[in-house]
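Chemist: Before we start, here is the structure in question, set down as structure tokens.
The values are calculated or read from the model by the stated rules, or taken from the named source; none is laboratory data. A quick note: this is a predicted structure, and the numbers were derived from the prediction, not measured. A quick note on method: Cβ atoms are made from the backbone with ideal geometry, for glycine too, and the neighbour counts reach across all protein chains shown. Surface accessibility is based on the protein's heavy atoms, side chains included, excluding ligands, DNA and RNA. Shrake-Rupley method; radii C 1.70, N 1.55, O 1.52, S 1.80 Å.
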There are 2 protein chains.
Amino acid sequence: MNPKSETRKEEIISTAAKLFKEKGYSAVTMRDLASAMGIKAASLYNHISSKQDILKKIIISIAEEFTAGMNSIIESDSSNIEKLKQIVSLHVDITANNTNGMASLNNDWMHLEEQLDYYLQLRNEYEANFLRLIQKGISTSEIKDNSPEIIMFSMLTTLRSLYLWIPKKEDLDAKDLSQSLSVVLIEGINK
Amino acid sequence: MNPKSETRKEEIISTAAKLFKEKGYSAVTMRDLASAMGIKAASLYNHISSKQDILKKIIISIAEEFTAGMNSIIESDSSNIEKLKQIVSLHVDITANNTNGMASLNNDWMHLEEQLDYYLQLRNEYEANFLRLIQKGISTSEIKDNSPEIIMFSMLTTLRSLYLWIPKKEDLDAKDLSQSLSVVLIEGINK
DNA sequence: GTCTATATACCGATAGAC
DNA sequence: GTCTATCGGTATATAGAC
């Protein structure tokens with residue numbers, strides 16, 4: 001609980017997230033992780049209680065960030081289109097701050113044990129809020145009357161895949177990316 | 001090589017694809033796979049040579065389908081926007097025919113061994129063709145002058161994630177879905 | 001806080017009977 | 001074509017020395 005051991009623990013978690021992104025949770029062994037940190041596998045257990053504990057800390061913290069961000073967006077009094085743009089920014093910001101962790105959130109959530117139901121609850125609520133926002137936008141004629149499910153699917157999968165793409169564009173400003181992405185996703189690409 | 005053993009082999013591969021979609025290649029054991037087929041793990045080896053062999057057959061066959069489809073699209077004499085719509089249909093059709101396999105293609109390609117370089121070559125060529133098509137569309141003023149990389153990223157990640165969504169919409173016609181998705185991706189969502 | 005040594009379980013794959 | 005039995009290797013995790 002002292003600051004030094006917290007730092008070491010966080011170092012383990014961020015190293016694990018990097019390895020999980022490359023090969024997935026199941027294919028990364030505690031020996032791989034220890035080796036990447038320059039220590040032996042047994043030494044990891046002085047800082048974390050299990051491999052599962054690492055995955056849980058990576059995924060749940062990000063999922064809760066998304067929930068908090070979504071709640072603050074839907075409570076604001078912006079237009080529905082404006083709220084969609086804020087969701088784009090939310091994804092860009094969280095992904096830029098934790099690119100590796102986003103890979104685990106997307107690809108390894110099914111390996112959660114005790115926290116699986118909690119994760120699924122947060123995800124379902126997030127998607128329900130997203131869908132309601134699009135439906136409201138359609139009813140106020142801000143958004144074209146297409147299938148709201150297809151609109152949400154298209155936007156959300158693009159935003160969820162940002163972790164694959166952001167590290168390649170380190171020189172790109174988060175605000176610029178949010179802006180460009182909003183234009184493409186909302187205004188379309190054809191002239 | 002006789003028809004009956006080919007059928008049994010294909011049964012193993014499609015069962016494996018289903019399990020790989022649920023938990024990922026690394027987390028599925030040969031005992032899991034055998035159990036899902038109602039036999040013992042050792043019996044699998046009468047039909048396939050290794051676990052890796054199963055992954056290879058799932059991924060490479062789909063990757064080659066995409067390559068063939070892309071080549072036939074870029075060689076046609078449609079407009080660039082029309083070609084983009086044909087790419088949408090290509091993804092919808094392949095995903096509808098092999099939803100489980102698409103999960104492995106997206107998430108387990110890094111576990112390929114001998115075939116990894118070949119897979120990456122096919123993927124890079126596919127993305128290069130996609131990007132060139134968008135760049136041509138911009139130069140002919142069919143497509144807005146946004147970043148072609150962002151446009152490709154947005155379209156391609158949505159299309160690559162279709163496997164997550166198509167099984168939930170079994171009642172939906174492939175042609176309808178391609179049409180709706182093309183509208184959302186190309187014309188945007190705002191009025 | 002890291003080490004060596006090890007417990008216990010499971011992995012992919014093979015041998016050979018039926 | 002499937003089985004039982006098993007090999008050699010590796011997984012997560014713990015015990016206890018330093």
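Chemist: With a 1.4 Å probe and all protein chains kept in place, how much accessible area does B:Asp145 have, in Å² rounded to the nearest 10?
Modeler: 120
Chemist: Here is a further query. Taking the 0 to 90 degree range and rounding to the nearest ten, how far is the long axis of helix B:148-160 tilted relative to the main principal axis of chain B, both from C-alpha atoms?
Modeler: In chain B, helix B:148-160 runs at an angle near 40 degrees to the longest axis.
Chemist: Over 18 Å between Cα atoms, which of A:Lys191/B:Lys191; B:Lys168/B:Lys191; A:Lys85/A:Lys144; B:Lys57/B:Lys168; B:Lys21/B:Lys57; A:Lys136/B:Lys191 qualify?
Modeler: Going by Cα-Cα distance, B:Lys168/B:Lys191; B:Lys57/B:Lys168 fall outside the 18 Å limit.
Chemist: Under the convention of a label 7 Å out along Cα→Cβ, give the distances in nm from A:Pro167 to the same position in every other copy, shortest first.
Modeler: Spelled out, the distances from A:Pro167's label point are 2.8 nm.
Chemist: Oh, and also: Please enumerate, by chain and number, the aspartates and glutamates with C-alpha under 18 Å from the C-alpha of A:Lys175, excluding those fewer than 8 residues away in the same chain.
Modeler: Within the straight-line limit of under 18 Å, A:Lys175 reaches these aspartates and glutamates: A:Glu82, A:Asp93, A:Glu187, B:Glu149.
Chemist: Tell me, what % of the accessible area of segment A:52-187 is carbon and sulfur with a 1.4 angstrom probe?
Modeler: Its accessible area is 45 percent carbon and sulfur atoms.
Chemist: Something else now. Please work out whether segment B:128-184 counts as rounded, prolate or oblate from its C-alpha gyration tensor, where a ≥ b ≥ c are the square roots of the eigenvalues and a/c under 1.5 means rounded, while otherwise a/b larger than b/c means prolate and anything else oblate?
Modeler: Judged from the Cα gyration tensor, segment B:128-184 comes out prolate (a/c at least 1.5, a/b above b/c).
Chemist: Evaluate peptide B:144-153: per residue, the Cβ atoms of other protein chains within 10 Å of its Cβ; return the mean as an integer.
Modeler: 6
Chemist: In whole angstrom, how far apart do the alpha carbon centroids of segment A:170-187 and segment A:1-73 sit?
Modeler: 29
Chemist: Would you rank B:Lys83, B:Lys23, A:Lys136 by solvent-accessible area, highest first, keeping every protein chain in place and using a 1.4 Å probe?
Modeler: A:Lys136, B:Lys23, B:Lys83
Chemist: Straight-line reach only, C-alpha to C-alpha below 19 angstrom: list the aspartates and glutamates that A:Lys51 could link to, leaving out same-chain residues fewer than 8 apart.
Modeler: A:Glu6, A:Glu10, A:Glu11, A:Glu22, A:Asp32, A:Asp108, A:Glu113, A:Glu114, A:Asp117
Chemist: What are the extents of the Cα atoms of segment A:1-134 along their three principal axes, listed from largest to smallest and rounded to whole Å?
Modeler: 54, 28, 26
Chemist: Ordering A:Asp173, B:Asp53 from largest to smallest accessible area (1.4 angstrom probe), what's the sequence?
Modeler: A:Asp173, B:Asp53
Chemist: Something else now. With every protein chain left in place, what is the accessible area of B:Glu142 in Å² (1.4 Å probe, nearest 10)?
Modeler: 50
Chemist: Now for a different question. So what is the relative contact order of chain B, in percent, for Cα pairs below 8 Å that sit 6 or more residues apart?
Modeler: It rounds to 25 percent for chain B.
Chemist: Find every distance from the label point of B:Asp32 to the corresponding label point in the other copies (7 Å from Cα along Cα→Cβ) and write them in nm, one decimal, shortest first.
Modeler: 1.5
Chemist: How much net charge surrounds A:Gly137 when only the other residues with a Cβ under 12 Å from the Cβ of A:Gly137 are counted, with Lys and Arg +1 and Asp and Glu -1?
Modeler: Around A:Gly137, the charge tally is +3.
Chemist: Counting only Cβ atoms, what residue of chain A lies nearest to the axis that sends chain A onto chain B, and how many whole Å off?
Modeler: Taking the axis that maps A onto B, the answer comes out as A:Gly188, 1.
Chemist: Kindly report the accessible area of the protein assembly as shown per residue (heavy atoms of protein chains, probe 1.4 Å, no ligands, DNA or RNA), in Å².
Modeler: Heavy-atom accessible area per residue stands at 48 Å².
Chemist: Considering amide H positions built from the backbone, and no H for Pro or chain starts, which residues 5 or more places from B:Asn190, or on another chain, come under 5 Å of its amide H?
Modeler: It is A:Lys144, by chain and number.
Chemist: Another question, then. Which angle from 0 to 90°, rounded to the nearest 10, does the C-alpha axis of helix B:116-139 make with the longest principal axis of chain B?
Modeler: Value to nearest ten degrees: 20.
Chemist: Based on the alpha-carbon gyration tensor of the protein assembly as shown, what equivalent-ellipsoid semi-axes (square roots of 5 times the eigenvalues) come out, in whole Å, largest first?
Modeler: Equivalent-ellipsoid dimensions as semi-axes: 34, 30, 19 Å.
Chemist: Relative contact order of segment B:86-160: what whole-number percent is it, with Cα pairs under 8 angstrom and at least 6 residues apart?
Modeler: It comes to 35 percent, rounded to a whole number.
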